[in-house]
Amino acid sequence: MQTRSNNAIYFTETGQWDESHYHEVNKVLYSGKTEFQEMMILETKGYGKMLVLDGRIQSAEDDEYIYHESLVHPGLIAHPKPRAVLIIGGGEGATLREVLAHPTVERAVMVDIDREVVEQCMNLLPEWHEGAFSDPRARVIYADGKKFVETTNEKFDCVIIDICDALEDGPALALYTDSFYQSVRKCLTPGGLLIVQAMELSGEEYQDHLSVRERLSRVFRHVSSYIMFVPSFWSTWGFVIASDAIDASAVNSQEIDERIRLRNLESKLEHYDGETHAHMFALPKEVRSVLAPAASLKRDVA
Ligand code: SAM
């Protein structure tokens, strides 16, 4: 955080390639260190409230719906009837909110390693969770996501990985591994699918995404990358859906709109529909070319 000549306070998010973004801060709502990470909740001039962990923006009030709808719905709509959903991470509660919007969902389990982050979000970011934590279908567990999937006997139709980026020394690093994805596969019901927030994806910035995609390609039959521009991240964000049964990229826009209608989600969704789905999976030429090596990988599992 720094003060500049006009006396305004700025939060600087430092990305890779010597690029930084400045956000003018009206108020610091929370700043501290939890057992696992540095945490700030800021009220910014440009994007409203913002959750920042280890110096990285996790989501912002004005456009969190773009990130969370993009993360959740392409996968949940591609699944014919998601009843049980597991979220790993998802501290703000907005991923849980979007999952619970599907009337097919009977059980949503959210496993986040950091109780302090979740509790601060519950108190200071009610616009994100909109009461989702109190929904009788929801259960929150404070545990490491890797340990949870390695030891649980529960099965899920969809698993959503909404954890922090793969930062060195960050709490999420061990969840960007082949062994983690193998354990997640064992938690899925037949016909189930996995959704992963898979970091920035453009022709210039793709290595982290490609690594996630390569790992998933060694474990699952169908692996599809998709993208959406998130203004507060100031980048095009990448996601991956992986499954042995479902190819989410192959569901056409008319079918997506029909499923949205059948699940009564039309008026709830601000960003996602059939046309947006087609847009997300239509990757630009240079992005398809950097992802091509992952497409030829052989699976390691039976
Ligand atoms: N939208 C986000 C992004 O762009 O990175 C992710 C949001 S969410 C706040 C990330 C959550 O992942 C945090 O609440 C953090 O505590 C949780 N997390 C990190 N490592 C984890 C782990 N090993 N197991 C479970 N949750 C974890």
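Checking 260, 246 one by one, the residue that is surrounded by 14 or more Cβ atoms within 10 Å (Cβ to Cβ), outside any loop (DSSP other than H, G, I, E, B) and of a type in the set (A, V, I, L, M) is 260 and no other. Do we find that residue 44 is touching a helix residue (DSSP H, G or I) at 6+ places or on another chain (Cβ under 9 Å), farther than 20 Å from residue 89 by Cα, of a type in the set (Val, Ile, Thr) and not assigned by TED's automatic domain parsing to the domain that holds residue 170 in this structure? Yes. Restricted to segment 76-87, and to residues there that are out of contact with any Phe, Trp or Tyr (no Cβ under 7 Å at 6 or more places or on another chain) and either assigned to a loop (DSSP other than H, G, I, E, B) or within 15 Å of the ligand (Cβ to nearest atom) (or both), the residue that is nearest to residue 47 (Cα to Cα) is 87. For segment 165-173, check the following and say yes or no: at least one residue is modelled with pLDDT of 95 or more and near the ligand (Cβ under 10 Å from one of its atoms). Within segment 165-173 (the criterion being modelled with pLDDT of 95 or more and near the ligand (Cβ under 10 Å from one of its atoms)), the answer is no, since none of the residues qualifies.
Restrict the check to segment 63-71 and report whether at least one residue is outside any helix (DSSP H, G or I), within 25 Å of residue 265 (Cα to Cα) and either within 12 Å of the ligand (Cβ to nearest atom) or assigned by TED's automatic domain parsing to the domain that holds residue 192 (or both). The answer is yes, given that some residue of segment 63-71 is outside any helix (DSSP H, G or I), within 25 Å of residue 265 (Cα to Cα) and either within 12 Å of the ligand (Cβ to nearest atom) or assigned by TED's automatic domain parsing to the domain that holds residue 192 (or both). The residues on offer are 29, 53, and the sole one that is more than 22 Å from the chain's Cα centre (by Cα), under 20 Å from residue 118 (Cβ atoms) and surrounded by 14 or more Cβ atoms within 10 Å (Cβ to Cβ) is 29.
Quick check on segment 17-62: of everything there that is within 14 Å of the ligand (Cβ to nearest atom) and of a type in the set (Ser, Thr, Tyr), which residue is farthest from residue 229 (Cα to Cα)? Among residues in segment 17-62 that are within 14 Å of the ligand (Cβ to nearest atom) and of a type in the set (Ser, Thr, Tyr), the one farthest from residue 229 (Cα to Cα) is 34.
The values are calculated or read from the model by the stated rules, or taken from the named source; none is laboratory data. Just so it is clear, the structure is predicted and the values come from calculations on it, not from any experiment. We place every Cβ from the backbone using ideal geometry, glycine too, and count neighbours over all the protein chains shown.
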